[in-house]
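The block underneath contains the structure these notes are about, expressed in structure tokens.
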Amino acid sequence: MRCSVDSVVIDRPRSPCPQRQEDPVAATPPAVPEHERAAMRRAVALAARGLGATSPNPVVGCVVLDADGQVAGEGHHERAGGPHAEIHALRAAGERARGGTAIVTLEPCNHTGRTGPCAQALIEAGVTRVVHAVADPNPSATGGARTLRAAGIDVVAGLLEDEAAAGNAAWLTSMRLGRPYVTWKYAATLDGRIAAADRSSRWITSAESRADVHRLRAESDAVVVGSGTATADDPHLAVRGVPGAVQPLRVVVDTHASAVRDGARILDDAAPTLVAVAQDATAPSWAADSTALAELLRLPRAARGLDVTALLTALHQRDVRSVLLEGGPTLAGAFVAAGAVDRVIGYLAPVLLGSGPAALGDAGISTLSAALRLELTESARIGPDLRITAVPAAPPAPAVPVPNSKEH
């Protein structure tokens, strides 16, 4: 993924494409004209506009070129249940689509759900060529490429696959693992402290970094914190300063049902709220109120705190495909120990403290050989701070994709 002028790409992100049955016709993509590559880059950028708004569907972008290779229409999937990217682009192109080429970041679907199959729409529009980046791993929607070829349309697969897959990492990971894609975000000093010895922490990083975090929230389906953060900061967790943002689900992991109290900022109506507690915890007083704006979720305990896998499963069942983990060191350690961190974003301020809590708590790692090794994928200046992004060097083992009838 290309970065802004003040950022440096260290390593190309690993493609999160799940294991799938390969299309027997789509081998290594043949050479394609530069104008189609440019159109695919544009489609990837268009797809990103849907981040945080399309779940449980993927983000998808599409550019339709006319018979002369000129852009005739473009679009992206804007929300679940709404028209897919191909439909928006075809509507914009009109009759110019006939004899033209559709450039799309994900294989056109072959499934009738809340919307019709895009493969059929492309056939009816009269396009003669379709170029897609990533094959659709959803068992209920795949097969669009075969349908297009059967209709005599030239199909090219795999153009800029890594770039498109990186932009769709949350959905592809959820298909591969059956749980949401988790980004752990933290803010710390250069010596790794998230607060001073007296627990003061506002503000370690700059206003620019905090604004960037709101962008991350807007691109996520859920924001998760633990009881320590809820008690110490009384966070609001809603998105601010991002026009048109869909508010994410606010989640507090409150094992003992003691951190979220009456009057907590998270109990307002700015965004939906879920409070996860242990199965044997006494329900908080606010939960007895029939007008309560938050939902109580009971989960099994783990050795410490709640079962992270059970939490992510419950969120996945609620159509959450991407999670921004903003919790403190204890919750972050639990997620790392569970192998449930897919990306780390750290905001480092040019500040030294020398003492105070570290960003990561006990993650069950007692020796260097067991350390979670990461690959640095991006580094960028955010105001006076440094934002680093990294992914695990060894990704979690895949699961068998399970079709979700709600998708598409």
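Looking at 346, 305, 333, which one is at pLDDT below 95 and either small (Gly, Ala, Ser) or at negative phi (or both)?
Values: 346 fails: at pLDDT below 95; 333 fails: at pLDDT below 95.
Unique residue meeting the criteria: 305.
Does the range 318-330 contain any residue that is of a type in the set (D, E, K, R) and in contact with a helix residue (DSSP H, G or I) (Cβ under 6 Å, 6 or more places away or on another chain)?
Just the residues of the range 318-330 that are of a type in the set (D, E, K, R), to begin with: 318-319, 321, 326.
Now restrict to residues that are in contact with a helix residue (DSSP H, G or I) (Cβ under 6 Å, 6 or more places away or on another chain): 321.
So far as the range 318-330 goes, yes, one or more of its residues are of a type in the set (D, E, K, R) and in contact with a helix residue (DSSP H, G or I) (Cβ under 6 Å, 6 or more places away or on another chain).
Would you mention how many residues in the range 90-117 are in contact with a helix residue (DSSP H, G or I) (Cβ under 8 Å, 6 or more places away or on another chain) and not basic (Lys, Arg)? Outline the logic, then answer.
Start the filter on the range 90-117 by keeping residues that are in contact with a helix residue (DSSP H, G or I) (Cβ under 8 Å, 6 or more places away or on another chain), which leaves 90, 93, 97-98, 100-110, 115, 117.
Subset that is not basic (Lys, Arg): 90, 93, 97, 100-110, 115, 117.
So the answer is 16.
Failed condition for residue 165, given (1) out of contact with any Cys (no Cβ under 6 Å at 6 or more places or on another chain); (2) assigned to a helix (DSSP H, G or I); (3) closer than 30 Å to residue 314 by Cα, with all others met?
(1)
Tell me which of these residue 127 doesn't satisfy, since it passes every other one: (1) assigned to a loop (DSSP other than H, G, I, E, B); (2) out of contact with any helix residue (DSSP H, G or I) (no Cβ under 9 Å at 6 or more places or on another chain); (3) surrounded by 23 or more Cβ atoms within 10 Å (Cβ to Cβ).
(2) is the only condition that residue 127 fails.
Could you grab me the full set of residues in the range 307-326 that are assigned to a loop (DSSP other than H, G, I, E, B) and either closer than 22 Å to residue 283 by Cβ or of a type in the set (D, E, K, R) (or both)? Steps first, answer last, please.
Filtering the range 307-326 for residues assigned to a loop (DSSP other than H, G, I, E, B) gives 307, 318-321, 326.
Selection gives 307, 318, 319, 321, 326.
Go through the range 356-376 residue by residue and tally those that are within 17 Å of residue 396 (Cα to Cα) and of a type in the set (Asp, Glu).
1
How many residues are touching a residue at least 40 places away in the same chain (Cβ under 8 Å) and either buried (at least 18 other Cβ atoms within 10 Å of the Cβ) or not assigned by TED's automatic domain parsing to the domain that holds residue 359 (or both) when one looks only at the range 179-209?
Adding up the residues that qualify gives 17.
Among the residues of the range 234-279, how many are more than 19 Å from residue 220 (Cα to Cα) and touching a strand residue (DSSP E or B) at 6+ places or on another chain (Cβ under 8 Å)? It would help to see each step written out before you state the result.
Initial filter on the range 234-279 (more than 19 Å from residue 220 (Cα to Cα)): 234, 254-265, 267-268, 277-279.
The next check asks that each one be touching a strand residue (DSSP E or B) at 6+ places or on another chain (Cβ under 8 Å); those that pass are 254-257, 259-260, 267, 277-279.
Here the count works out to 10.
Residues in the range 73-93 that are surrounded by 22 or more Cβ atoms within 10 Å (Cβ to Cβ) and farther than 22 Å from residue 157 by Cβ: how many?
The total comes to 0.
Just give me the residues in the range 89-111 being closer than 24 Å to residue 48 by Cβ and at pLDDT below 95, in sequence order.
Scanning the range 89-111 gives 109, 111.
Considering only the range 192-201, I want to know if a residue exists there that is within 25 Å of residue 336 (Cα to Cα) and outside any loop (DSSP other than H, G, I, E, B).
yes
Where the second residue is exposed (fewer than 10 other Cβ atoms within 10 Å of the Cβ) and at pLDDT 95 or above and the first is over 21 Å from residue 137 (Cα atoms) and lies in the range 21-41, which pairs have Cβ atoms under 6 Å and are six or more apart or on separate chains?
Note: no pairs meet the criteria.
Go through (1) farther than 30 Å from residue 48 by Cα; (2) of a type in the set (Val, Ile, Thr); (3) part of a loop (DSSP other than H, G, I, E, B); (4) touching a residue at least 60 places away in the same chain (Cβ under 8 Å) one by one and return the number of the condition residue 246 breaks.
Condition (1) is where residue 246 drops out.
State all residues of the range 39-80 that are aliphatic (A, V, I, L, M), within 20 Å of the chain's Cα centre (by Cα) and in a loop (DSSP other than H, G, I, E, B); if no residue qualifies, say none.
Within the range 39-80, 51, 53, 59, 60, 80 meet the criteria.
In the range 134-161, how many are modelled with pLDDT of 95 or more and within 21 Å of residue 49 (Cβ to Cβ)?
Final tally of qualifying residues: 4.
Go through the residues of the range 225-238 one by one and say whether even a single one is assigned to a loop (DSSP other than H, G, I, E, B) and under 19 Å from the mean Cα position of the chain (by Cα).
Yes, some residue in the range 225-238 is assigned to a loop (DSSP other than H, G, I, E, B) and under 19 Å from the mean Cα position of the chain (by Cα).
Suppose we filter 298, 304 for residues that are surrounded by fewer than 18 Cβ atoms within 10 Å (Cβ to Cβ) and assigned to a strand (DSSP E or B); which single one remains?
On the way: 304 fails: assigned to a strand (DSSP E or B).
Matching residue, one of 298, 304: 298.
Tell me the residue from 114, 96 that is surrounded by fewer than 24 Cβ atoms within 10 Å (Cβ to Cβ), in contact (Cβ under 8 Å) with a residue 60 or more places away in the chain and not small (Gly, Ala, Ser), please. If you could, list the steps in order and put the result at the bottom.
On the way: 96 fails: in contact (Cβ under 8 Å) with a residue 60 or more places away in the chain.
Of 114, 96, the one residue that is surrounded by fewer than 24 Cβ atoms within 10 Å (Cβ to Cβ), in contact (Cβ under 8 Å) with a residue 60 or more places away in the chain and not small (Gly, Ala, Ser) is 114.
The values are calculated or read from the model by the stated rules, or taken from the named source; none is laboratory data. Predicted, not measured: the structure shown is a model, and the values here were computed from it. Positions of Cβ are generated from backbone atoms using ideal geometry, with glycine treated the same way; all protein chains shown enter the neighbour counts.
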